[in-house]
Amino acid sequence: MSISYEDRKSFRNFVLNLKRLNTTWSVGRMVRFIQSCDNPPPLKYKSLHKCISRILNRGTVKDKKRSGRPVTTTTFEFQQSVNYYIKMKKGASIRKTDAILKNEQFESSPTSVYRTTQQLNLKWYKKRKAQKLTDIDKLKRIKCAKILRTKFGITKKSKKWKWNRVVNCDFSGVFPLQGFQNKKNDGVWVEKYEEIEADLLNAETNKFQQGIIFWGAISSQGLIPSNAPINVTEWLKQQRNSSDKKQKRIYLTSQLYAKFLKEKVAPAIKTTFRKSKLNPIFHDDQDQKQRTKLVIDTVAKLFHERIEPVDADAKFADVWRIENVWGALKEKVRGKVFNTTLELEEEIQKEWKKFSIEKCAQMMDKIPYRLRLVIENNGAHVHMY
């Protein structure tokens, strides 16, 4: 907690007057006396002893003169202008705000603007990446939200309630082995280009980002699989034919996805729901390969019910809870560097197990509420975790 100049001045004056009245008192006795008074300074004995000694040596209540330029005292008008131009403004920054204030004849600097934001308790938050929504997308979101609420229920007490049987599946995107690197820092300060040494000249990077893509799902019965998500990257490598080159990349086609559903997805989901004796309702992403006739027929053979592609044909990344799971996992491993894929898998497995069945059930129960927010916000993004 900061102490004002007036409080410091009053304390110094008190110490000096106490010494004048008791000239024989030592610093130690003054410390004990002050600590026995009502509302003493929040300092320990040693710190208070040092503070009183310094006051007695200086013999004045004024602050010590400091070297360098004095701190600029921002006016109330300056603070109001900073608050107006930087708070809740798109594309606002310290430098832009400083330039605007200078044009308005304020004596401003980037340091003054930054210090003012601290005084106003303003903090900078990075924007979250979100799907771009057109007017047509928003109308689709509203339509699909109404259909899903009607078919699967709004509250747990309703007869239509089926969200406890829905299995929300998705692929994770790439979890990289190397942490994020700021390419703007790939440079060297020198007077001439010729001075740069060979080992400093090149910024080494991988041609293709090394990492792992996982598959996982969330339901009221917990995460699926319960132990760890499925390593899709490794599974794809196992699908390579003997005639294929080792360097050749294998992509997840509709044929391979249908095979993946049979070998990995269906067994994992049925194992999770076996104890509850509930029939799972399958739901996957809106990717094009997942909407082919082969995949649709495969899903129909493996599961009795599913959320129809037409009913969920909207950009619902802010509604489906598996997106929150992958987002949380990516935050946990952000900035970490892994030497092998095994290290990355172990870290993901550790974080995966932290999602309890109770937590997953609560997340799934909130989907109807999120759908309601989509309708109330006219199809705009739902800003909640």
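A short reminder: the numbers here are calculations on the coordinates, not readings from a lab. Quick caveat: nothing in here was measured; it's all calculated off a predicted structure. Ideal geometry is used to build each Cβ from the backbone, glycine not excepted, and the neighbour counts take in all protein chains shown.
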**OP:** Per residue of segment 13-22, in order, report the coupling 6.51 cos²θ - 1.76 cosθ + 1.60 (Karplus, θ = phi - 60°) as ³J(HN,Hα) in whole Hz, putting x for Gly and Pro.
**Re:** 5, 5, 5, 5, 5, 5, 5, 5, 6, 10
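Which longest uninterrupted range of the chain lacks any GluC sites (Glu not before Pro) assigned by DSSP to a loop state (not H, G, I, E or B) and surrounded by at most 13 other Cβ atoms within 10 Å?
Details: sites that count: GLU104, GLU107, GLU191, GLU197, GLU204.
Longest gap between qualifying sites, sites excluded: 205-385.
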Subject >> Ellipticity estimate at 222 nm from DSSP helix runs (n ≥ 4, -39,500 (n - 2.57)) divided over the chain, nearest 500 >> reply: -13000 deg cm²/dmol
Original post:
Size of the dipole of segment 283-327 about the Cα centre, Lys and Arg at +1 and Asp and Glu at -1 on the beta carbon, nothing else charged, in debye to 20?
Top reply: 180
**OP:** List the aspartates and glutamates whose Cα lies under 13 Å from the Cα of LYS9, skipping any in the same chain that are fewer than 8 positions away.
**Re:** ASP63
Original post:
Candidates (1) 27.4; (2) 22.3; (3) 23.1; which is the computed Kirkwood radius over Cα pairs in Å?
Top reply: (1)
Original post:
Tell me which aspartates and glutamates have Cα within less than 14 Å of LYS132's Cα, excluding those fewer than 8 residues away on the same chain?
Top reply: ASP318
**OP:** Whole Å is fine, so just give me how far the alpha carbon centre of segment 245-295 lies from that of segment 324-385.
**Re:** 20
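Taking the Cα centre of segment 291-385 as origin, sum charge times position over the Cβ atoms of Lys and Arg (+1) and Asp and Glu (-1), and report the length of that vector in debye to the nearest 20.
So the magnitude is around 120 debye.
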Original post:
What are the lysines whose alpha-carbon lies under 21 Å from the alpha-carbon of LYS159, with same-chain residues fewer than 8 places away excluded?
Top reply: LYS146, LYS151, LYS277, LYS366
Original post:
Structure shown: which of LYS87/LYS123; LYS19/LYS50; LYS143/LYS270 lie over 19 Å apart, alpha-carbon to alpha-carbon?
Top reply: LYS143/LYS270
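What is the fewest-to-most order of THR24, THR116, THR75 by other Cβ atoms lying within 10 Å of their Cβ?
Lowest to highest Cβ neighbour count: THR24, THR75, THR116.
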**OP:** Report the one residue of ASN377, GLY28, ASN83 whose Cα lies farthest in the direction of the positive end of the charge dipole of the chain (charges on C-beta: Lys and Arg +1, Asp and Glu -1; origin at the Cα centre).
**Re:** GLY28
Subject >> Filter on LYS160/LYS301; LYS262/LYS289; LYS140/LYS301 - keep pairs with C-alpha separation over 19 Å >> reply: LYS160/LYS301; LYS140/LYS301
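Once you keep just the Cα pairs under 8 angstrom separated by 6 or more residues, what percentage relative contact order results for segment 76-119? List each step's numbers first, then the result.
Working: 27 pairs, mean separation 16.9, N = 44.
Relative contact order for segment 76-119 comes out at 38 percent.
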Original post:
What list of ³J(HN,Hα) values in whole Hz, one per residue of segment 55-61 in order, does the Karplus curve 6.51 cos²θ - 1.76 cosθ + 1.60 (θ = phi - 60°) give from phi, with Gly and Pro shown as x?
Top reply: 5, 5, 5, 7, x, 8, 8
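Place a +1 charge on the Cβ of each Lys and Arg in the chain and a -1 charge on the Cβ of each Asp and Glu, then give the dipole magnitude about the Cα centre in debye, rounded to the nearest 20.
On the way: 78 positive and 40 negative charges, 278 e Å.
In debye, rounded to 20, the chain gives about 1340.
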Subject >> Pair GLN288, ASN339: separation of 7 Å Cα→Cβ label points (nm) >> reply: 4.2
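For SER109, SER172, what ranking results if the residue with the fewest other Cβ atoms within 10 Å of its Cβ goes first? Working shown, then result.
Values: SER109 14, SER172 22.
Taking fewest neighbouring Cβ atoms as first place, the list is SER109, SER172.
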Original post:
So what are the ³J(HN,Hα) numbers for segment 132-146, from phi and the Karplus equation (6.51, -1.76, 1.60; θ = phi - 60°), rounded to whole Hz, Gly and Pro as x?
Top reply: 6, 10, 8, 5, 5, 4, 5, 5, 5, 4, 5, 4, 5, 4, 5
